Structures are given as structure tokens and as C-alpha cells.
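J.: Below you will find the structure I want to go over with you.
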Amino acid sequence: MRIIDISMEIHADMVVYPGDPAPRFEQLSTLAEGEMNVSLLTMGSHTGTHVDAQLHISDQGRSVADLPLDSLYGPCEVLDLTGVGRVIHAKHLQGQDIDYGSIVLLKTRNSLEQYESFREDYTYLSEDAAQYLVDKGLRTLGIDYLSVEAQEGSGRVHELLVQRMTVFESLYLKDVQPGRYIFCGLPLKLRTDGAPVRAILIEA
């Protein structure tokens, strides 16, 4: 058995979505002062590898604490879409191995690029691709950048997906081969619109 870490490391200089705060780490006490090491962490709810909850797009939506547990763990398929350009359309997903009610992670050309600064030309899902995945009855979707939707998008892609499935963003899939794995992505039990996640793949 091999366990693959597909999470971004959270640090003060990491890439964040425009408008989101950068993580901050403050030392509250230290061993040198005769106390234990204790830190204060400040970050946005969509920092690094994270999960979106319905509360992200609707005041009446479910929070992270309400996400179905079976959407956070289970067999998954990693699809190789690295040959697709900036926009993933339904035609790029048709013919892929997508089972009804499954967990699917999309490895795109985002995984081939560096994460040193925010890239406006990241690969994202079009509305027709999002609708296709909804029609396939996906339980969980993951993608390898900070958003499933274009930066200039209307919000419709997020609305289609997050209302109907659990969505993980900013997965680190650079060294992951396409195929079947066991996925595990557990956020803290927070009543928030999103939360950072430690995500892994288990290769049997």
C-alpha cells in the first residue's frame, strides 16, 4: 500500500486566490519563555487544498460540518486532462471513466505549472462541463487549482457543482498517475463555507 499526499503545504508565502488573505502564523508562547510552543493561525476558509460547502454560495446552504462523510472518503478515479487547454468542456469528459455517484479528481495542465504566483490562465470547467458532471451524478469532484470556475466567471459553475456534490479545490496532483485510488479528504468539523483539508490518495 502506498499513501500519496495531494495537499498543498500552508505557509505565509503560498498562492491564494485574489482577494483572499494570506495565511499568518503568530507565536503566542515559546519554550524559551518557559512555556509550551503555541501558535495562532489566521487564514481564509478557502486556503490551499480545501473543500467548498453549500454555504459558500448560499446563506441557506449546508456548512462544512454538514458535508456527507461518504463524500470525503471512498474509491476514486483520477482523470488525465493535461492535454486540454484552458477550458474543460463536456466533450473532454465524454468517454472518460466516470461512474454514477463516484468520486472524480481532474488532473489538468494546472498540475504541470508552478504554484509560486497566481495564474490567471489556469484551467477551469465550463458550464456545460459542470452540467455534464451533475448529470453523471457525481458524489465528489476535485480539481488541481484554487477554483473550478474561471476568475471572470458568473458563479454558475460553482452553483451547479456545489449544490449537488462535494467539491475539493487546489489538489496537488503533479506526481499522481491517472487511475483508481482510495481518496480521503477530511476538513475540520467547522460550520463554515469552506475549510482547508489534508487530502491523500491510497494506492492499493
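Read the figures in this text as sums done on the coordinates, not as results from a lab. Being a predicted model, the structure only gives us computed values, none of them experimental. With ideal geometry, Cβ positions are generated from the backbone for all residues, glycine too; neighbour counts draw on all protein chains shown.
J.: Any chance you could run the full-extension gain for Leu69 through Ala32? It's 0.36 nm times the residue separation minus the Cα-Cα distance, nm to one decimal.
T.: Extra length from Leu69 to Ala32 when fully extended: 9.2 nm.
J.: Same structure again: Using unit Cβ charges (K, R positive; D, E negative) and no other charged atoms, how large, in debye to the nearest 20, is the dipole of the chain about its Cα centre?
T.: 480
J.: Could you work out the relative contact order of the chain? I mean the mean sequence separation of Cα pairs under 8 Å and 6+ apart, divided by the number of residues, in percent.
T.: RCO, the chain: 32 percent.
J.: I would also like to ask the following. Take the alpha-carbon centre of the stretch 101-152, take the same for the stretch 53-73, and report the distance between them in whole Å.
T.: 18
J.: Calculate the length of the line joining the C-alpha centroid of the stretch 14-46 to that of the stretch 175-194, in whole Å.
T.: Using only Cα atoms, the two centres lie 23 Å from each other.
J.: So what is the 222 nm mean residue ellipticity for the chain from helices alone, if each DSSP H run of at least 4 adds -39500 (n - 2.57) and you divide by all residues, rounding to the nearest 500 deg cm²/dmol?
T.: One gets -2500 deg cm²/dmol as the mean residue ellipticity at 222 nm.
J.: Can you put Phe118, Phe183 in order of Cβ neighbours within 10 angstrom, beginning with the fewest?
T.: Phe118, Phe183
J.: Moving on to the next point. Any chance you could get the radius of gyration and Dmax over the Cα atoms of the stretch 60-200, in Å?
T.: 14.0, 38
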